[in-house]
Amino acid sequence: MHFEIFFIMKIALIGYGKMGHMIEKIALARGHKIVCKIDVDNQEDFDSEAFASADVAIEFTNPTAAYGNYLKAFEKGVKVVSGSTGWMKDHADDVKRMCTEEGKTLFWASNFSIGVAIFSAVNRYLAEIMNRFPEYYVSMEEVHHVHKLDYPSGTAITLAEDIVDRIDRKSNWSVGEYVDADGRVFLFEPKGENPLLINCRREGEVPGIHSVKYDSNADTITIKHEAHSREGFALGAVLAAEYTKEHSGLLTISDMFKF
């Protein structure tokens, strides 16, 4: 798939780990400029002229830092693209208010992969069909590298919420089991009545695998997305930044890709 770019954009990077480096590589290859790179050891650069000059900041950090990073960027009038997860439980309403009432802009996605966007559309459509067939038991699994500490993944939660919204027999999702990097298995008490169970596993350097399974006595239907590298996530984040430069408010993947 080829994506043309017709303008040069000034990008600030918030978080300069593996993902930040890959985003930088792709952004430069598409002709953009990286005007500022902020990590844990140079937080004062949020107050720099370079940061304030950015058209968009791309933020990939952690759940504890993300919300504060949004506020610092908004204070400088910088739009934000973020793939950080885990902050929504405490701050979603506040961020929504800032973007809908105060003119701030955040493009947030649990996963920026183009393939995951397509997979999510298939997941929603399949759930609508399977709502008519209660003999199929639906469950999910997500597998990620050992450095990922949170579970389920943000992508798994988004997929699960899309299923719950469309299948009447599921009112919520719940973690079923978690397999740690060292092989230890943790079993969880299901929450709610007949929840959609998500099993989670941490293994090696796996970029990300998400699968949804519908199982009956007669057969099994499974859909799966498996990332080969982080490159797809990084490209999607840069494409989201290009989209965000020309749009405002609270934006998502569904705004950028009309499936």
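The values are calculated or read from the model by the stated rules, or taken from the named source; none is laboratory data. Please read these numbers as outputs of a predicted model, since none were measured by experiment. Neighbour counts run over all protein chains shown; Cβ positions are idealised from the backbone, glycine included. These area figures cover heavy atoms from the full protein model, side chains too; ligands, DNA and RNA do not enter into them. Shrake-Rupley method; radii C 1.70, N 1.55, O 1.52, S 1.80 Å.
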For this session: Go through segment 225-255 and give me each residue that's of a type in the set (D, E, K, R) and either closer than 16 Å to Leu106 by Cβ or without any contact (Cβ under 8 Å) to a residue 40 or more places away in the chain (or both).
Result: Glu226, Glu242, Lys245, Glu246, Asp255
For this session: Return the only residue of Tyr151, Tyr214 being crowded, with 17+ Cβ neighbours inside 10 Å and within 21 Å of Trp87 (Cα to Cα).
Result: Tyr151
Problem set entry | Selection count, segment 69-119, where residues are surrounded by 16 or more Cβ atoms within 10 Å (Cβ to Cβ) and touching a strand residue (DSSP E or B) at 6+ places or on another chain (Cβ under 7 Å) | 18
Problem set entry | Selection from segment 16-68 of residues that are basic (Lys, Arg) and open to solvent by 60 Å² or more (accessible area, probe 1.4 Å) | Lys18, Lys25, Lys33, Lys37
For this session: For His210, indicate whether it is under 21 Å from Pro152 (Cα atoms) and outside any loop (DSSP other than H, G, I, E, B).
Result: yes
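Here's the yes/no breakdown for (1) closer than 17 Å to His145 by Cα; (2) in contact with a Ser or Thr (Cβ under 8 Å, 6 or more places away or on another chain):
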{"residue": "Leu187", "(1), (2)": "no, no"}
{"residue": "Arg201", "(1), (2)": "yes, no"}
{"residue": "Gly208", "(1), (2)": "yes, yes"}
{"residue": "Ile221", "(1), (2)": "no, no"}
{"residue": "Glu226", "(1), (2)": "yes, no"}
Exercise. Does Glu135 meet the test of being touching a residue at least 60 places away in the same chain (Cβ under 8 Å), more than 15 Å from the chain's Cα centre (by Cα) and within 27 Å of Met22 (Cβ to Cβ)?
Worked result: no
Exercise. Which of (1) surrounded by fewer than 20 Cβ atoms within 10 Å (Cβ to Cβ); (2) more than 26 Å from Pro134 (Cβ to Cβ); (3) under 19 Å from the mean Cα position of the chain (by Cα); (4) at pLDDT 95 or above does Lys258 not meet, given it meets every other one?
Worked result: (4)
Exercise. Can you list the strands (runs of 3 or more DSSP E) found entirely within segment 23-133 that contain at least 2 residues being touching a Lys or Arg at 6+ places or on another chain (Cβ under 6 Å)?
Worked result: 33-38
Problem set entry | Selected residue (criterion: surrounded by the most Cβ atoms within 10 Å (Cβ to Cβ)) from residues of segment 172-202 that are at pLDDT 95 or above and among the polar types (S, T, N, Q) | Asn199
